[in-house]
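> Once you've had a glance at the structure underneath, I'll fire off some questions.
Bear in mind these aren't lab numbers, they're just calculated from the coordinates by the rules spelled out. Note that the structure is a prediction, hence the values are computed from the model and not measured. All Cβ positions, glycine included, derive from the backbone under ideal geometry; neighbour counts span all protein chains shown.
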Amino acid sequence: MTKHIRKSKALIDGVFRGLEAPADTFTVNRYPYPHVSEQEAIRSDWKRVGDEIRAAMTRANVKAAA
């Protein structure tokens, strides 16, 4: 009888999850934005890109000199 109750509970839980599914579609995720403004975000992105290019050029120069 316990197995029958677990199956019934699983069925009822599944029906409720199915009814709640459309509400999950419209859930808005809010993530913290670490930048003060969009300009600051773009500026920091370009700074990181520049740092990566600078590091790659340094590695290339070291390999070429060796």
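> Residues in the stretch 35-45 that are surrounded by 10 or more Cβ atoms within 10 Å (Cβ to Cβ), of a type outside the set (D, E, K, R) and assigned to a helix (DSSP H, G or I): how many?
3
> Name the residues in the stretch 1-42 that are among the aromatic types (Phe, Trp, Tyr) and under 24 Å from the mean Cα position of the chain (by Cα), would you?
Those that are among the aromatic types (Phe, Trp, Tyr) and under 24 Å from the mean Cα position of the chain (by Cα): PHE26, TYR31, TYR33.
> From the list ALA21, ALA55, pick out the single residue that is part of a helix (DSSP H, G or I), loosely packed, with under 10 Cβ neighbours inside 10 Å and not hydroxyl-bearing (Ser, Thr, Tyr).
Residue meeting the stated conditions: ALA21.
> Could you please find all residues in the stretch 1-18 being of a type in the set (S, T, N, Q) and loosely packed, with under 10 Cβ neighbours inside 10 Å?
Within the stretch 1-18, just THR2 meets the criteria.
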